[in-house]
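The values are calculated or read from the model by the stated rules, or taken from the named source; none is laboratory data. As the structure is a prediction and not an experimental result, all values here were calculated from the model. So basically every Cβ, Gly included, is an ideal-geometry build from the backbone, and we count neighbours across all protein chains shown.
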Amino acid sequence: MALWTFISWALLPLLGLAAACFLLYCAYIQYIHMKYDHIPGPPRDSFLMGHYPTIMKINKNNELLYDYFLEWTIKYGPVVRINGLHNIFVLVSSPEAIKELLMSNKHPKDQFYDDIFSVFGVRFLGKGLLTSRNYDQWHKQRRILDPAFSRPYLMGLMGTFNEKAEELMERLTEKSEKQIEVNMHDLLNRMTLDVIAKLAFDMDLNALHDDQTPFPRAILMVMRSFVELRNPLVRFTPSKQKMIQEIRDSIRLLRKTAKECIERRQKMVEDGVEVPTDILTQILRGAAMEDEYDIEIIIDNFVTFFIAGQETTANQLAFAVQELARHPEILQKVKAEVDNVIGLRRDIEYDDLGKLRYLSQVLKETLRLYPTAPGTSRILGEDLIVEGIRIPKNTSVLVYSYITGRMEEFFKDPLTFDPDRFSHDSPKPYFTYFPFSLGPRSCIGQVFAQMEAKVAMAKLLQRFDFQLVEGQEFKILDTGTLRPMEGTRCRLRIRGKQ
């Protein structure tokens, strides 16, 4: 009894300190509420947790968070407050504010991009082109990489785009002849993985034919971490530990692959062997020119391009197939254009891409409804007034092309798939359509991605008729990027074959 009494008295100061810290934390949260409660927003779930319980419930039910954000924007206006513990995030959908946030260098990327430096204790995207928040450091990397995305270089990629798309057509032909149901997203995913591996890093993954390759699953898992990190308690949730370990292992696999590829290329340079003029060579040349060789940052950029160059294009193409199959009149129109421009030719030439105008409209409209990278975030470098509402300096501001692209205010009948929105004569969206972001931090690979998408889609339309398998739901799966939840399951038939 005496020992227990002693322990109880010894613990009292610690309990008192914990209580004092908790009260101070509550006082700080109250201060945050007072600072931001002039901004409209949905009622908080609780004083401490803010809106986190709702967000965690959305994730648990596999619902799309951005649909809730869209509802809140429509209900509360162009500036919406979201609370999470002591953190505040502000959704902004005003075109003028989006212009200010994305076109100016005054507002750097926010803390989220530091948070994905490492994930669950393993370095992930580090300080690469996507995640670097320091403008000067980012600008140096961008300047180094720009030549790898110049028009002359991209024109030289058409052979590989054709080759890999042709391999996809062969796989689809096999499945159509056997009347096998096709998960289009899975095969498109593998094709785009083969493309980025070959063109960026001169790697022959053969993912389209190797069903045992670990890379598609690894990319899915590392992308899933973006969603899981929304839950501040995920690290301490017992049921999530197996998934967290798989995410760690997937990151390690990608970074190990990157390091091995980089070391092979360095040896080629040292041995005087001619090396391909690809993204990896450009990264290494830039590091040498700047005299800032840091293997970890080189790996960061490798992983960034490896994931982004595969994931977003495959998702866009799968959504495009889904929407064309749901709209036969649009499908027939775009097929007619492909037949007129490409005819029966096997290879698509660079000059053909500019003539496929309606196909361009289809792909742009796909990204309006399904921006595979739904948005971005900035931290305010100064106070910002948006339609009379003041957002304080140092606030994290979220802008989503998914939200503005689905608002009646900006697009008539926004849920209707209508490629004519992007015809030459139609008014151009004013800072409400930004699937590749805008301004200086816009996606460096967007032209690369759309060239690849056009080649693959043109070949698919040239060769096949397709229809969706009945009974599937057209829900969106959030894995950090947006993809069709059921993979766009189709049945294909070779055109002209009864």
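Looking only at residues of the stretch 239-254 that are in contact with a strand residue (DSSP E or B) (Cβ under 7 Å, 6 or more places away or on another chain) and charged (D, E, K, R), we find that the one that is surrounded by the fewest Cβ atoms within 10 Å (Cβ to Cβ) is ARG252. Of the numbered criteria (1) closer than 30 Å to MET485 by Cβ; (2) at pLDDT 95 or above, the one GLU96 fails is (1).
Just need a number here: residues in the stretch 88-123 that are in a strand (DSSP E or B), farther than 16 Å from ARG230 by Cα and more than 17 Å from the chain's Cα centre (by Cα). Of the residues in the stretch 88-123, 3 are in a strand (DSSP E or B), farther than 16 Å from ARG230 by Cα and more than 17 Å from the chain's Cα centre (by Cα).
When we screen LYS475, LYS454 for residues that are charged (D, E, K, R) and surrounded by 14 or more Cβ atoms within 10 Å (Cβ to Cβ), the only hit is LYS454. The residues of the stretch 338-372 that are polar (S, T, N, Q), out of contact with any Leu (no Cβ under 6 Å at 6 or more places or on another chain) and surrounded by 17 or more Cβ atoms within 10 Å (Cβ to Cβ), listed by number, are SER360, GLN361, THR366.
Conditions first: (1) on the phi < 0 side of the Ramachandran plot; (2) of a type in the set (Gly, Ala, Ser); (3) surrounded by fewer than 19 Cβ atoms within 10 Å (Cβ to Cβ). GLY272 passes all but one, so which condition is the exception? Only one criterion in (1) on the phi < 0 side of the Ramachandran plot; (2) of a type in the set (Gly, Ala, Ser); (3) surrounded by fewer than 19 Cβ atoms within 10 Å (Cβ to Cβ) is unmet by GLY272, namely (1). I'd like to know if the stretch 330-337 contains one or more residues that are closer than 26 Å to ARG495 by Cβ, among the small types (Gly, Ala, Ser), more than 25 Å from the chain's Cα centre (by Cα) and surrounded by fewer than 23 Cβ atoms within 10 Å (Cβ to Cβ). So far as the stretch 330-337 goes, yes, one or more of its residues are closer than 26 Å to ARG495 by Cβ, among the small types (Gly, Ala, Ser), more than 25 Å from the chain's Cα centre (by Cα) and surrounded by fewer than 23 Cβ atoms within 10 Å (Cβ to Cβ). Residue under question is VAL399, and the condition is that it be more than 17 Å from the chain's Cα centre (by Cα) and either surrounded by 18 or more Cβ atoms within 10 Å (Cβ to Cβ) or not basic (Lys, Arg) (or both); does it hold? Spelling it out, it is not the case that VAL399 is more than 17 Å from the chain's Cα centre (by Cα) and either surrounded by 18 or more Cβ atoms within 10 Å (Cβ to Cβ) or not basic (Lys, Arg) (or both).
Among the residues of the stretch 174-224, just one is β-branched (Val, Ile, Thr), surrounded by fewer than 18 Cβ atoms within 10 Å (Cβ to Cβ) and over 21 Å from GLN322 (Cβ atoms), namely THR213. Within the stretch 244-302, the set of residues being within 26 Å of the chain's Cα centre (by Cα) and among the basic types (Lys, Arg) comprises ARG248, ARG252, ARG255, LYS256, LYS259. Quick check on my filter: what residues within the stretch 23-69 are polar (S, T, N, Q) and within 22 Å of the chain's Cα centre (by Cα)? Passing the criteria: ASN59, ASN61, ASN62. Number of residues in the stretch 203-251 that are out of contact with any Lys or Arg (no Cβ under 7 Å at 6 or more places or on another chain), at negative phi and assigned to a loop (DSSP other than H, G, I, E, B) equals 14. On the stretch given as the stretch 261-288, residues that are more than 20 Å from ILE196 (Cβ to Cβ), assigned to a loop (DSSP other than H, G, I, E, B) and of a type in the set (A, V, I, L, M, F, W, C) total 1. Across the stretch 124-165, the number of residues qualifying as surrounded by 21 or more Cβ atoms within 10 Å (Cβ to Cβ), small (Gly, Ala, Ser) and either touching a strand residue (DSSP E or B) at 6+ places or on another chain (Cβ under 9 Å) or not in a loop (DSSP other than H, G, I, E, B) (or both) comes to 4.
Taking strands (runs of 3 or more DSSP E) as the structural unit, those lying wholly within the stretch 337-391 and holding at least 1 residues that are charged (D, E, K, R) and at pLDDT 95 or above correspond to 375-379, 389-391.
Report yes if VAL227 is at pLDDT below 90, surrounded by 13 or more Cβ atoms within 10 Å (Cβ to Cβ), in contact with a strand residue (DSSP E or B) (Cβ under 7 Å, 6 or more places away or on another chain) and of a type in the set (Val, Ile, Thr), otherwise no. If you could, list the steps in order and put the result at the bottom.
Working: at pLDDT below 90: yes; surrounded by 13 or more Cβ atoms within 10 Å (Cβ to Cβ): yes; in contact with a strand residue (DSSP E or B) (Cβ under 7 Å, 6 or more places away or on another chain): yes; of a type in the set (Val, Ile, Thr): yes.
Judged against the criteria, VAL227 is a match.
Please find, within the stretch 70-87, the residue that is nearest to LYS35 (Cα to Cα) out of those that are over 19 Å from the mean Cα position of the chain (by Cα) and in a helix (DSSP H, G or I). Full working, then the answer.
Within the stretch 70-87, the subset over 19 Å from the mean Cα position of the chain (by Cα) is 71-87.
Going one step further and asking which of them are in a helix (DSSP H, G or I), we end up with 71-76.
Values: GLU71: 24, TRP72: 20, THR73: 21, ILE74: 23, LYS75: 22, TYR76: 18 Å.
Looking at residues that are over 19 Å from the mean Cα position of the chain (by Cα) and in a helix (DSSP H, G or I), I get TYR76.
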